[in-house]
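Peer 1: Before anything else, here's the structure in question.
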Amino acid sequence: MSALLRLENLAVSRNGTPQVHDLDLAIPAGRIDAIVGANGAGKSELLGALMGFDTVISGRILFAGKDISHLKTHQRARLGMGFCPEGRRLFPAMTVAETLATASRGGSQHRRRRQAEILALFPALANRLNAHAWHLSGGEQQMLAIGRALATQPTLLILDEPSLGLAPKVMHEIATALQQLRDAGTSILIAEQNAHFALSLADHAWLMAAGKLVLNAPADGLIDHPEMKTLMLGG
């Protein structure tokens, strides 16, 4: 199976400090991959490099066979990469409807159709279209942040810490929505500190520590791996 996303000997820095070292990774289309690791492992910097926020020191990022290592963020988005950042980063004064419309591409008919698809995925937002982002609950804000990323119809959806600060019920709703997206053809990459959430959701997982990937395996078998328990679960 050919890789949708391939990283070759990748090294990344943030604010001049190396954070990711000699990293190789290949992710095929059509599945959910999770990068799990403790705080400071380099997960956010890796995702930052994928989206053009952090600096690639060496190596390559290939997306759908194209070297995107030094493209601007908006160029990567046009190629089919969508990003939901840690902390959501919504505009507080914008309504749900405005947020989704602003992120969407195409004419009004296309935007309405895309909004309907997102609301079907996250029904909790359907009755909140005129609510401003700052009036939403934390779970609704996270759903909106994911919906904003989906409005561009990405081939690959990238999420940084999507479970952060959420109640278990909301985490389950978001996990279900992401699995539905995968089943409909969207590839997904998440970075998570919450190993239980990530491994219950993903098809395949990668364990990251000190800026390197130290382990990868099908997600359903990784939770019991001794190295995972040591680095992530305090075992």
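Every number in this text was worked out from the coordinates using simple rules, so none of it is lab data. Since we're looking at a predicted model, the values are computed, not measured. Neighbour counts run over all protein chains shown; Cβ positions are idealised from the backbone, glycine included.
Peer 1: When averaged across all projection directions, what area in nm² does the alpha-carbon convex hull of the chain cover? Please report the intermediate quantities before stating the final value.
Peer 2: Working: hull surface 49.7 nm².
So the Cα hull casts an average projection of 12.4 nm².
Peer 1: Please report, largest first and rounded to whole Å, the three semi-axes of the ellipsoid equivalent to region 87-153, where each semi-axis is the square root of five times an eigenvalue of the C-alpha gyration tensor.
Peer 2: Numbers: eigenvalues 62, 27, 22 Å².
Those come to 18, 12, 11 Å.
Peer 1: What does the charge count near A145 come to, summing +1 for each Lys or Arg and -1 for each Asp or Glu among other residues with Cβ under 13 Å from its Cβ? Let's see the in-between values first.
Peer 2: Values: positive: R88, R89, R148; negative: E86, E140, D160, E161.
Once all neighbours under 13 Å are counted, the net charge is -1.
Peer 1: Give me the number: length gained by fully extending H110 to N39, i.e. 0.36 nm times residue separation minus the C-alpha to C-alpha distance, one decimal in nm.
Peer 2: Values: separation 71, 0.36 × 71 = 25.56 nm, distance 3.96 nm.
Contour length minus the Cα-Cα distance gives 21.6 nm.
Peer 1: Which distance in nm do the two modelled labels at A210 and H70 give, with both placed 7 Å along the Cα-to-Cβ direction?
Peer 2: According to this spin-label approximation, the distance is 3.1 nm.
Peer 1: Please report the net charge: other residues with Cβ closer than 12 Å to the Cβ of N15, K and R +1, D and E -1. Kindly include the intermediate steps, with their values, before the conclusion.
Peer 2: Values: positive: R14; negative: E45, D54.
Local net charge: -1.
Peer 1: Between region 181-228 and region 16-46, what's the alpha-carbon centroid distance in Å?
Peer 2: Measuring centre to centre over Cα atoms gives 10 Å.
Peer 1: Loop-only trypsin sites (Lys or Arg not before Pro) in region 78-142, please: DSSP not H, G, I, E or B, and at most 14 other Cβ atoms within 10 Å. Numbers along the way, then the final one.
Peer 2: Working: sites: R78, R88, R89, R105, R111, R112, R113, R114, R128; in loops: R88, R89, R105.
Here the trypsin sites (Lys or Arg not before Pro) that fit, given the DSSP loop and packing criteria, are R89, R105.
Peer 1: If r is the Cβ-Cβ distance from A120 to E98 and R0 is 22 Å, what FRET efficiency results, to the nearest 0.05?
Peer 2: On the way: r = 19 Å, r/R0 = 0.88.
Once rounded, the FRET efficiency stands at 0.70.
Peer 1: Another one. Under 13 Å from the Cβ of E98, count the other residues' Cβ atoms, weight Lys and Arg +1, Asp and Glu -1, and hand me the total. The partial results should precede the final answer.
Peer 2: On the way: positive: R111, R128, R148; negative: none.
Surrounding charge for E98 is +3.
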